[in-house]
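Data first, discussion second: the structure below is written as structure tokens.
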Amino acid sequence: MKTYIQNIIVLILLVITNISHAQKLDKNVLTFEEFLGYVKKYHPIVKQAHLQLTESEANLLKARGGFDPKIDIDYNHKKFKETNYYTTFNTTFKIPTWYGIELKGNFEENTGSFLNPNLTVPKDGLYSAGVSFSLARGFLINDRIAALKKAKNFLEQTKAQRDILINMILFEASKAYLEWVKTYTEQEIYASFLLNAKTRFQGVKYSIKAGDKAAIDSTEAKITFQNRQLRLEEARLLKQKTALNASNYLWINEIPLELEETTIPILPSIKEIKKSLQLKETTQGKSWLKKHPKIRSLQAKLNNLKVDRTLKRNKLLPKIKLDYNFLTTAVDQFENFNTNNYKTRITFSLPLFLRKERGDLKLTHVKLQNAHLDLLMTSLSLRNKIDASYIEINSLAEQYQIITNLTNNYRALVIAEERKFNLGESSLFLINSREQKLIEATLKENSVKIKHLKSHLNLYNALGISKNEISYQ
């Protein structure tokens, strides 16, 4: 019975140990997809990008307020020594429309001993309904219409700027992760070859004791061992630096995270990078250019300048404003429209030289030309950047295949040299020389592999993707 209980206790301890080990292993591994998930959800710059969009939406709401109906009430009363000098009450309801037309409804009631004669109205007050509009300047476009159009364009521009910011932060974060992977792999490479050097060093010492090797061979083996110790320490330092750089992009609820020294990055495949960065294969050609956030941003800026140009041209026209109001003493009389009871007003204004207006228009023309040239240059630059990214991807894929074959050949030479050494037909110097070439080739293979993955990041950055609206070609 006692033995049975002991076996159960041992079994429970083994299970607990395995579970703890699994949890620790999960915590010590950080994949590319998980890393990028933290950046997308918690990074402050990503949040700032969305806040800018909220600000533009608020400005658009503010601009739309220029078309809100309004009620104006004006009450004025004067009484002195029991005498009612005047009491005026005027209320107006205005409905602005898209063009320079404003619909109005009005009620006024005025009394008093010293009332201005032109304010005299019937005893029960006077109702009016009419329209006010500009015949020249301000008819097709005015400051209110221009503000709303520009607010819409600013919203589109902010969306594009948001996409640029998100694209850039994901691009930089992805590069930091791949650099971390590269230095971690280099550390593992040096650690494995250090183990080889240590094994040979110990083997040479045993051979010297047995009288099979000269004492000088241990010096050479020790130098190789110490040299690789130094390289490993350098690689470990570099890995720690890149891990710290990668941790700069890790946040949760506005609190920065730190990567533990034991945390392991996982080399992502090209498929995983495409999935995380939403790069998709397609045959849609060059349609990406119109959807690129930089192009969208410049196009929105260009559209705003076109609105400014139209507004400045409109201000070269004279101000001609017409007000017409139908008058009645009762609301129900509006059904029987009578042209004999009305109030109208016409105003005209025009600067003689229009120097200010012409100067503003000329400045807008210059800004418009500059924005158009920026759009052309940016389009060409983006097109060339995309083409260069595709060329880089294909070239690095070919380079990786070559360096992989080269590394395999160096590995075969080292294995063959070790066999010859064991048979007494080679020397420790030749093995170390062969293995040094293998180390260099292995490091180069790792470097080219990371460059190949980064080339896909460059394409992602060149396309300006921040959502799955632009496809991968």
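Here is the figure for region 41-56: residues that are open to solvent by 50 Å² or more (accessible area, probe 1.4 Å) and either of a type in the set (Asp, Glu) or within 10 Å of the chain's Cα centre (by Cα) (or both) total 5.
For region 383-414, the set of residues classified as over 24 Å from the mean Cα position of the chain (by Cα) and free of Cβ contacts under 8 Å to residues at least 12 places away in the same chain consists of 391, 394, 395, 398, 401, 402, 405, 408, 409, 412, listed by residue number. Within region 116-138, the set of residues being free of Cβ contacts under 8 Å to residues at least 60 places away in the same chain and open to solvent by 30 Å² or more (accessible area, probe 1.4 Å) comprises 116, 117, 118, 119, 120, 123.
The single condition among (1) surrounded by 11 or more Cβ atoms within 10 Å (Cβ to Cβ); (2) at pLDDT 80 or above that residue 100 does not meet is (2).
Among 395, 379, which is the only one that is closer than 30 Å to residue 307 by Cα and small (Gly, Ala, Ser)? Going through 395, 379 in turn, just one is closer than 30 Å to residue 307 by Cα and small (Gly, Ala, Ser): 379. In region 197-213, the residues that are closer than 18 Å to residue 418 by Cβ form Cβ pairs under 6 Å with partners that are in a loop (DSSP other than H, G, I, E, B) and at pLDDT below 80, at six or more places apart or across chains, as follows: 204/213; 207/213.
From the set of residues in region 419-432 that are open to solvent by 50 Å² or more (accessible area, probe 1.4 Å) and part of a helix (DSSP H, G or I), which is nearest to residue 220 (Cα to Cα)?
We begin by selecting, within region 419-432, every residue open to solvent by 50 Å² or more (accessible area, probe 1.4 Å); these are 419-420, 422-425, 429-430.
Still in the running and part of a helix (DSSP H, G or I): 419-420, 422, 429-430.
Working: 419: 19, 420: 18, 422: 17, 429: 8, 430: 11 Å.
For region 419-432, the residue satisfying everything is 429.
Output the residues belonging to region 408-456 that are hydroxyl-bearing (Ser, Thr, Tyr) and out of contact with any Leu (no Cβ under 7 Å at 6 or more places or on another chain). 426, 427, 433, 442, 447 - these are the residues of region 408-456 that are hydroxyl-bearing (Ser, Thr, Tyr) and out of contact with any Leu (no Cβ under 7 Å at 6 or more places or on another chain). Scanning region 310-369 for residues that are among the hydroxyl-bearing types (Ser, Thr, Tyr) and not in a strand (DSSP E or B) turns up 310, 329, 339, 364.
Scanning region 363-394 for residues that are polar (S, T, N, Q), open to solvent by less than 80 Å² (accessible area, probe 1.4 Å) and more than 18 Å from residue 461 (Cβ to Cβ) returns a single hit, 364. Being closer than 30 Å to residue 239 by Cβ and acidic (Asp, Glu) is the filter here, so list the residues in region 149-183 that pass it. Answer for region 149-183, where residues must be closer than 30 Å to residue 239 by Cβ and acidic (Asp, Glu): 172, 179.
Reported count of residues in region 343-362, each being surrounded by 12 or more Cβ atoms within 10 Å (Cβ to Cβ), touching a residue at least 12 places away in the same chain (Cβ under 8 Å) and not charged (D, E, K, R), is 3.
Residues of region 57-93 that are charged (D, E, K, R) and either exposed (fewer than 11 other Cβ atoms within 10 Å of the Cβ) or in contact (Cβ under 8 Å) with a residue 12 or more places away in the chain (or both): 57, 62, 64, 68, 70, 72, 74, 78, 81, 82. Inspection of region 373-382 finds a residue satisfying the criterion of being closer than 30 Å to residue 446 by Cα and either free of Cβ contacts under 8 Å to residues at least 12 places away in the same chain or outside any strand (DSSP E or B) (or both). Looking only at region 92-129, which residues are in a loop (DSSP other than H, G, I, E, B) and under 24 Å from residue 319 (Cβ atoms)? Within region 92-129, 97, 98, 99, 100 qualify. Residues in region 442-470 that are farther than 30 Å from residue 169 by Cβ and surrounded by fewer than 19 Cβ atoms within 10 Å (Cβ to Cβ): 444 only. Any residue at all in region 248-268 that's open to solvent by less than 80 Å² (accessible area, probe 1.4 Å), part of a helix (DSSP H, G or I) and out of contact with any Gly (no Cβ under 8 Å at 6 or more places or on another chain)? No, every residue in region 248-268 fails to be open to solvent by less than 80 Å² (accessible area, probe 1.4 Å), part of a helix (DSSP H, G or I) and out of contact with any Gly (no Cβ under 8 Å at 6 or more places or on another chain).
The values are calculated or read from the model by the stated rules, or taken from the named source; none is laboratory data. Computed from a predicted model, the values in this text were never measured in an experiment. Every residue, glycine as well, gets a Cβ built from its backbone with ideal geometry; the counts of neighbours run over all protein chains shown. Please note that ligands, DNA and RNA were not included when accessible areas were found on the heavy atoms of the full protein model with its side chains. Shrake-Rupley method; radii C 1.70, N 1.55, O 1.52, S 1.80 Å.
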